[in-house]
Amino acid sequence: MKNTIYTKDYCPYCRAAKKVLKNRDIEFTEIDVEFDLEKRQEMVARSGRTTVPQIFFEEQHIGGYDDLMAFLSPRHAA
Ligand SMILES: N[C@@H](CCC(=O)N[C@@H](CS)C(=O)NCC(=O)O)C(=O)O
């Protein structure tokens, strides 16, 4: 499974999102867009958003940290 998280180094939401994914043994590829304009443009094109993190499970856009928590919550799974 190719999951992707677009991040910036200084971003606390990115660190929190990565911690949640790791705690749940969800593998991911991290793409740091802080100084990579091409990858940042890719993130905006895929997500329609300019904030980080932006998280994808395969091609499904999950969103940012708040969206990830909602997506992984038991209520969502029920
Ligand atoms: N509610 C959003 C908050 C995301 C957010 O505020 N990210 C900040 C960095 S921590 C951001 O992207 N700010 C604009 C920027 O750094 O370009 C989430 O849960 O992901």
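What follows draws every value from the coordinates through simple rules; no lab data is involved. Because the structure is a prediction, the values reported are computed rather than measured. We place every Cβ from the backbone using ideal geometry, glycine too, and count neighbours over all the protein chains shown.
Structure summary
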| quantity | calculated |
| --- | --- |
| Calculated from backbone phi, Karplus (6.51, -1.76, 1.60) coupling profile of segment 15-31 in Hz, x at Gly/Pro | 4, 5, 5, 5, 5, 4, 4, 5, 4, 9, 6, 9, 6, 7, 9, 9, 10 |
| Cα centre as origin, Lys/Arg/Asp/Glu Cβ charges: the chain dipole, Debye | 280 debye |
| Label-point gap, in nm, between residue 16 and residue 71 - each point 7 angstrom along Cα→Cβ | 1.6 nm |
| Value at 222 nm in deg cm²/dmol, rounded to 500, when DSSP H runs of n ≥ 4 in the chain each add -39,500 (n - 2.57) | -12500 deg cm²/dmol |
| Of every Cα-Cα pair in the chain, the percent that sits beyond 15 Å | 51 percent |
| Relative contact order of the chain, defined on C-alpha pairs under 8 angstrom at six or more residues apart (%) | 36 percent |
| Phi to ³J(HN,Hα) by Karplus 6.51 cos²θ - 1.76 cosθ + 1.60 over segment 39-55, Hz, x for Gly, Pro | 5, 5, 4, 4, 4, 5, 5, 6, 9, x, 10, 10, 8, 10, x, 10, 10 |
